[in-house]
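Asker: This is the structure, below, for whatever I ask next.
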Amino acid sequence: MYTNQTDGTDITTWNLPEGATARLGRGRMTGGMVFSPDGEALVVATAIGCWWYNLNTMELRTWWNSERGMLSDVAFSPDGQWIATGNWDGDVMVFDTQHLQCVAKIGIPQNPKGVMGTARSLRFSQDGEHLTLSHLIVRIDDGPFSRDRTSRGRYYTVYNWKASIDTPIASFMDPPKLDSWNFGRDTFAPQTLSPDGSLLAYTSNPNVTSVMNVETGEHIAEFSDDYTKGHWKGSYKLVFSPCGKYLAACNYGNKFHVWNVQNATLEIPPTEYMENRQMSKSLLTYATDGTLWVAGLTSKEVTIWNGSKQETVDTFECRGASNGCFSNDGTQFAITNRHGELQLWTKDTPSTVKSLPAHLVRGVVEVQFSKDGQTLLSCHDPAGYRLWDIAERQVKQTFHSPFSNSVGVVSTSRSRELLAVVEDKRIRVWNLVSGTQLAEIIGRSMNVNMVFSPTDEYLATVSRRDTVIIWHLASNTQIAELQNPSSRVFRMGFSPTGEYFVSVYGDSFSIWDTSCWEKRHHVPLPEQHSKSWKLLFHPNDHHLITRILDGPTLVWDLKNGEQIGALDTTVCLDTSLYKATQQNIQSLHEQPETSQRLWTLRFSRCGTLIAGGIRHGKMGEIRFWDATTLETRMVIIPPIGCQKPQTLKFSPCGKYLAVGAQWQDGQESVSVRLWDVKTGDNIHTFWGHPTDIWSIDFSPDGELLASGSYDGTILLWDVKAFIN
């Protein structure tokens, strides 16, 4: 077993891409986790590679398989000699555990009936010779619902991987289907090998589990498992007993059952093992001594159940349990919650749960430097928020969201000095530089939507969904209540000078005068009842922009509430405005006219330019508009592989624009590009994240650039050599 230690080295500097100074975070959990056969180690598969933890010392041994990352599954061979990983590209790699050297790589099998990727359900046979896996099949239906429906299925293969990685000894396809079971089930197609590798059990239909002879391809048994009353049907997890005679399954409810494979009968009928309160799913395993263990997951706790004796062993708290696994002997259980915290339960010490370093369960939605550049705020919806010490490259404070799937639980002031946090039904206001608490607000029905005024004098919060409360921070008192009866507040914001306050209700927005808190204008929006409207203020309060992803981008006069124009997002016909090759310009003009989307939008610091990232089908562009005339000034088409701008930010000096891209097929890493705003030249490109870049921000002095990714990490880039 691998024994190399990290020797206390700073892992934030391991395997950094060129130009990066640090990596914050250990990656989003994308492929589960697995105990080593001896139970002494836990391997966690993430978007940036595998992390190997020593459970005796609770310390990190090593991090590897980081070249591509984006792992989808991980499995040990029973003797602990091999460990296999699958990734989102469909590749499977087998490593020897002594040196963690790759000894075999299995690629995506060719299948003309669908596009396949995402290798999952990795299982070794007892002798370690056979390896089974499945690939996701995604095919767009050609029928009348082709725009709205996608067919999904599975392609199962079994390899004698030591003999040949090119030709499986068995393979078959679960044909893509257009039904409700397949939608959202692409990660939950359970399969398992019998201990001797002769049988493969898999979910062949929503309520059917099939058992197939690997060598002959013959289906020897078929079991109905329609035991779930809820929306999700069929089994969530399948596992053979050590003798291979029994096949156990658990569903999305609170039951498990066991089939006798030899005589095709139900050995243990559907059995409840816990109350079905907020039940999400369950996990099970056969221990090496034949004991069946089941773990039931709810929104608040985990119940460990002995299926053989049919009795509860232990229950422990775990908020939003999302993924877990048992050790081979059933004496340990590892689970991660929605905050990314890893918890380790041990049978010999009931109710005692150890903690491992946090791995996120979501990407980095937003990053923002503090006023002094010493602290970085990151949002990991719904895993909460973290404050990072830039100098120490460590988390100095974590705020967990009390609301599921909400990104508004934390708000920073425009000066980057104040931070408002929703905690325990109250709002606490902190100074990011000094680290001291300035105010505490206890109000009625606190919502997660809140925003500071430009002078940091006021904080606006939403109460009762249709009411905005304005708080005076110095006195900690309410000074105004802005109502629009029966209209839910979806967005709000202060204008940069603080003269106006705008609240968006989905089908309209209101402009308020902050000198007297009176409504000046109520303006209807053309897209009725949309939650997606976003606000963008001109730095000098000249006008307001409202935009929606698939709809219009409208410009309004803040003083009189009238529409003064709209940003043109259609393909620009004036080729003299392009900074691109003729081939790229032609390709862009050939994209469907109805496919454009304005993905992201920013004003320059001086307010003379507006920059936006626009998608046109499979291509994208970076466009600059004149902030006064709204005319197009320049169109940049990024090079191939970087043509989907996802997020952008002007540098503090306003001369440069940083753009983070979205992943495209065939890429191993995604770019962050620096563009000269005046010339449209690409002055530098950073490569590092294995997937989409969701957020970027410059430090106030312009020397650092932070990029947050879907992979759950933040990379800090040194831009001093490229930006004056």
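The values are calculated or read from the model by the stated rules, or taken from the named source; none is laboratory data. These figures come from a predicted structure and were not determined experimentally. No Cβ is skipped: glycine too gets one built from the backbone with ideal geometry, and neighbour counts run over all protein chains shown. Ligands, DNA and RNA are stripped out before the accessible areas are found, and what is left, the full protein with its side chains, is counted by its heavy atoms. Shrake-Rupley method; radii C 1.70, N 1.55, O 1.52, S 1.80 Å.
Asker: How large is the helix-only mean residue ellipticity at 222 nm for the chain, computed as the sum of -39500 (n - 2.57) over DSSP H runs with n ≥ 4, divided by its residue count, in deg cm²/dmol to the nearest 500?
Answerer: -500 deg cm²/dmol
Asker: Same structure, new question: Express the C-alpha Rg of the range 417-511 as a ratio against the empirical globular expectation 2.2 N^0.38 Å, rounded to two decimals.
Answerer: Its radius of gyration relative to the 2.2 N^0.38 Å reference: 1.05.
Asker: When the chain is fully extended, how far beyond the present Cα-Cα distance does Ile479 get from Glu129, taking 0.36 nm per residue of separation?
Answerer: Full-extension gain reported as 118.8 nm.
Asker: Ok, one more. Thinking of the range 662-723 as a set of Cα atoms, what percent of all their pairs are more than 18 Å apart?
Answerer: Numbers: 698 of 1891 pairs.
When all Cα pairs of the range 662-723 are counted, 37 percent exceed 18 Å.
Asker: Once you list every other residue whose beta carbon is under 12 Å from the beta carbon of Gln643, what net charge do they have if Lys and Arg are +1 and Asp and Glu are -1?
Answerer: +2
Asker: Counting every Cα pair in the range 490-600, what percent are over 20 Å apart?
Answerer: 48 percent
Asker: Based on the Cα gyration tensor of the range 602-724, what are the three equivalent ellipsoid semi-axes, each the root of five times an eigenvalue, rounded to whole Å and given largest first?
Answerer: Working through the eigenvalues yields semi-axes of 22, 18, 11 Å.
Asker: Please tell me the relative contact order of the chain in percent, rounded to the nearest whole number, where contacts are Cα pairs under 8 Å and at least six residues apart.
Answerer: It rounds to 8 percent for the chain.
Asker: At what distance in angstrom do the alpha carbon centres of the range 451-502 and the range 243-265 lie from each other?
Answerer: 57 Å
Asker: Could you check the spin-label model distance between Asp372 and Ile220? Points 7 Å from the Cα along Cα→Cβ, value in nm.
Answerer: About 7.0 nm, to one decimal.
Asker: May I ask you to rank His521, His689 by accessible area, largest first, using a 1.4 Å probe over the protein chains only?
Answerer: Per-residue accessible area, sorted high to low, gives His521, His689.
Asker: How much net charge surrounds Pro454 when only other residues with a Cβ under 14 Å from its Cβ are counted (Lys, Arg +1; Asp, Glu -1)? Numbers along the way, then the final one.
Answerer: On the way: positive: Lys371, Arg414, Arg416; negative: Glu417, Asp456, Glu457, Glu499, Asp541.
Within the 14 Å Cβ shell, the charges total -2.
Asker: Also, quick follow-up: Let me check against my output: what whole-number percent is the relative contact order of the range 436-576, with C-alpha pairs under 8 Å and at least 6 apart?
Answerer: 13 percent
Asker: Counting only the heavy atoms of the protein chains, how much of Val395 is accessible to a 1.4 Å probe, in Å² to the nearest 10?
Answerer: Solvent-accessible area, nearest 10 Å²: 60 Å².
Asker: Just to confirm my numbers, what's the Cα centroid distance between the range 71-87 and the range 551-568 in Å?
Answerer: Centre-to-centre (Cα) distance: 56 Å.
Asker: Give me the number: length gained by fully extending Thr608 to Asn205, i.e. 0.36 nm times residue separation minus the C-alpha to C-alpha distance, one decimal in nm.
Answerer: Length gained between Thr608 and Asn205: 139.2 nm.
Asker: Run the reach check for Lys720 against lysines, Cα to Cα strictly under 22 Å, same-chain hits fewer than 8 apart removed. What comes back?
Answerer: Lys371, Lys649, Lys655, Lys678
Asker: How many nm separate the modelled label positions at Asp96 and Lys559, each set 7 Å beyond the Cα in the direction of the Cβ?
Answerer: Simple spin-label model gives 7.8 nm for this pair.
Asker: Over the range 440-574, with every protein chain in place, what whole percent of the accessible area is carbon and sulfur at 1.4 Å, could you tell me? Don't skip to the end; give the middle numbers.
Answerer: Working: 2730 of 5950 Å².
Within the range 440-574, the accessible surface is 46 percent carbon and sulfur.
Asker: Suppose the Debye formula is applied to equal point scatterers at every Cα of the chain; what is log10 I(q)/I(0) at q = 0.06, 0.07 Å⁻¹?
Answerer: -0.40, -0.55
Asker: Another one. If we restrict to alpha carbons, what Rg and Dmax does the range 258-355 come to, in Å?
Answerer: 13.7, 45
Asker: Follow-up. Can you tell me which aspartates and glutamates have their Cα less than 15 Å from the Cα of Lys237? Leave out same-chain residues fewer than eight positions away.
Answerer: Asp73, Asp186, Asp225, Asp226
Asker: Quick one: how many Å² of Ser198 are accessible to a 1.4 Å probe, rounded to 10?
Answerer: Answer for Ser198: close to 40 Å² accessible.
Asker: A further question follows. Compute, for Trp14, the solvent-accessible surface of its heavy atoms (probe 1.4 Å) with the complete set of protein chains present, and express it in square angstrom to the nearest 10.
Answerer: 50 Å²
Asker: Also: For every other residue with a beta carbon closer than 10 angstrom to the beta carbon of Leu473, add +1 if it is Lys or Arg and -1 if Asp or Glu, then tell me the sum.
Answerer: Surrounding charge for Leu473 is -2.
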